[in-house]
Amino acid sequence: MIISVFSPKGGVGKTTVALALAESLSKNHRVVALELDFSPGDFVGLLHELDPGKNLLTCKHDILSAVQRPSGKEFDVIIGGYPGEHEHVRREDIKRCIEILKFKYEYIIVDIQPGIVELVIDVLAESDRVLVIAEENFITPIARINAFLDWIQINNLSDLKNFVFVRNKVTNKELVYIDKIKHSLKLVHDIPFYKKLKGYDDKRLQKNIKRLAGVLRNGTVREDKRFWLFRRILGKL
Ligand SMILES: Nc1ncnc2c1ncn2[C@@H]1O[C@H](COP(=O)(O)OP(=O)(O)OP(=O)(O)O)[C@@H](O)[C@H]1O
Ligand SMILES: [Mg+2]
C-alpha cells in the first residue's frame, strides 16, 4: 500500500506525520519511508546514522542499494537528495523505484516536498491514499491546498478520490477553514497541537497516529462527522 503525505505548504507536519506512520506501522508490517523531498528533506536530521551520500539520485540505477535502516528503528528509509538534483532523476526512475519497493514492503510511506515537481506526479497517481495535511491555524495553507487541488483536477493528473484531509496542529475542534475548500475531500483524522512535541516518535503523537494507521490499514476511510455535516449543509454531497 502506498501512502503519500503531502501539502503545498511547508512546515505543516508532513515529515512528522510520515515518520510517525512509519514508526507505528513498522510494529507489525514491513515499512519503507521514501523521502521525495529535495529541499533537502529532514530524514537525515531526524533519524540516526543515515549516510546522506546514499540517496535517490546516487542510487537511481539500483534503488535497493539506497535503502537504509535508521539505528534503533524497525522501518527502512530512502532519502531524497540535494536541492536541484531532482532534475537528474527521471519520472521513470521513480516509477521503477516504486514498483521494486512494492515487492519488498507492505507499506511505502512517501514524504512529498511542498514545491510540486513533475517527479511526484506518478507517485500521487499511484498512491492508495494521499494524505493532504491541512493546518488550519492560518488561511494561507488552505488557500494553497485549493489551488493545488484545482491544478491536479484541471490537468487530470490523479484521481482525487484517493486524496483525504488530515488536520494537524489542531487547537480548535471546530472546523475553521477546511470547509471553505471547494474540493470535497474526506477529513479522516485530526492531530492535536502538542506542546513541546519531542518529534515523530513522541508518545502522545504515536497514540494518536495509531488510530490513523488503523483507518488506513482497514482501507475504509470514514469521514469525520463534523465535516460531513458541514458539506451537507453546504449542499456539497
Ligand atoms: N501535531 C503537532 N504538534 C506540535 N508540533 C508539531 C506537530 N506536528 C508537527 N509539529 C512540528 O512542526 C514543525 C514542522 O514539522 P515538519 O518538519 O514535519 O513539517 P513539514 O511539513 O515536513 O516541513 P517541510 O515543508 O519543511 O518539509 C516541527 O518542528 C514539528 O515538530
Ligand atoms: Mg518535511
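The values are calculated or read from the model by the stated rules, or taken from the named source; none is laboratory data. Just so you know, these numbers come straight off a predicted model, no measurement behind them. Here the Cβ is made from the backbone with ideal geometry for all residues, glycine too, and neighbour counts use every protein chain on show. Just the protein is used for accessible areas: all its heavy atoms, side chains included, with ligands, DNA and RNA removed. Shrake-Rupley method; radii C 1.70, N 1.55, O 1.52, S 1.80 Å.
Once you've got the GNM for the chain with C-alpha springs shorter than 10 Å, pick whichever of Ile181, Ile209, Ile78 has the biggest mean-square fluctuation.
Greatest mean-square fluctuation among the candidates belongs to Ile181.
Do the sum for the chain: with -39,500 (n - 2.57) for every DSSP H run of n ≥ 4, divided by all residues, what is the mean residue ellipticity at 222 nm, to the nearest 500 deg cm²/dmol?
Working: 7 runs with 77 residues, N = 237.
When only DSSP H runs of four or more count, the value is -10000 deg cm²/dmol.
Could you tell me whether the chain comes out rounded, prolate or oblate from its Cα gyration tensor? Rule is a ≥ b ≥ c as square roots of the eigenvalues, rounded for a/c under 1.5, then prolate if a/b exceeds b/c, otherwise oblate.
The shape class here is prolate.
Of Ala20, Ala33, Ala147, which is the most mobile in a GNM of the chain whose springs link Cα atoms less than 10 angstrom apart?
Its mean-square fluctuation being the largest, the pick is Ala147.
Given charges of +1 on the Cβ of Lys and Arg and -1 on the Cβ of Asp and Glu, with all other atoms neutral, how large is the dipole of the chain about its Cα centre, in debye to the nearest 20?
The calculated dipole for the chain is roughly 1260 debye.
How would Ser4, Ser158, Ser184 rank on accessible area, largest to smallest, probe 1.4 Å?
These residues rank, largest area first, as Ser184, Ser158, Ser4.
Taking 0.36 nm per intervening residue step and subtracting the Cα-Cα distance, what contour gain separates Asn218 from Leu197 on full extension?
Numbers: separation 21, 0.36 × 21 = 7.56 nm, distance 2.78 nm.
Net length gain for the segment: 4.8 nm.
Quantify, in whole percent, the carbon and sulfur part of the accessible surface of the chain (1.4 Å probe; protein heavy atoms only).
Roughly 52 percent, rounded to a whole number.
Taking the Cα centre of the stretch 162-205 as origin and charging only Cβ (+1 Lys, Arg; -1 Asp, Glu), how large is the dipole, in debye to the nearest 20?
For this selection, approximately 140 debye.
Here is the link list: Lys104/Lys203; Lys60/Lys198; Lys14/Lys173; Lys14/Lys182; Lys102/Lys210. Which ones come out longer than 31 Å on Cα distance?
Check vs 31 Å cut-off fails for Lys60/Lys198.
Averaged per residue, what accessible surface does the chain expose to a 1.4 Å probe, in Å²?
On the way: 11330 Å² over 237 residues.
Per-residue accessible area for the chain comes out at 48 Å².
Contour minus end-to-end for Glu87 and Leu64, with contour as 0.36 nm per residue of separation and end-to-end as the Cα-Cα distance?
Working: separation 23, 0.36 × 23 = 8.28 nm, distance 2.06 nm.
Here the answer is 6.2 nm.
Let me make sure I get this right: for the stretch 1-131, a, b and c are the square roots of the gyration tensor eigenvalues over alpha carbons, sorted descending. Under 1.5 in a/c it's rounded, otherwise prolate if a/b > b/c, else oblate. Which is it?
Rounded is the answer for the stretch 1-131, as its axis ratio a/c remains below 1.5.
Tell me which of Ile121, Ile142, Thr15 sits at the most positive position along the dipole axis of the chain, charges placed on C-beta atoms (Lys, Arg +1; Asp, Glu -1).
Ile142
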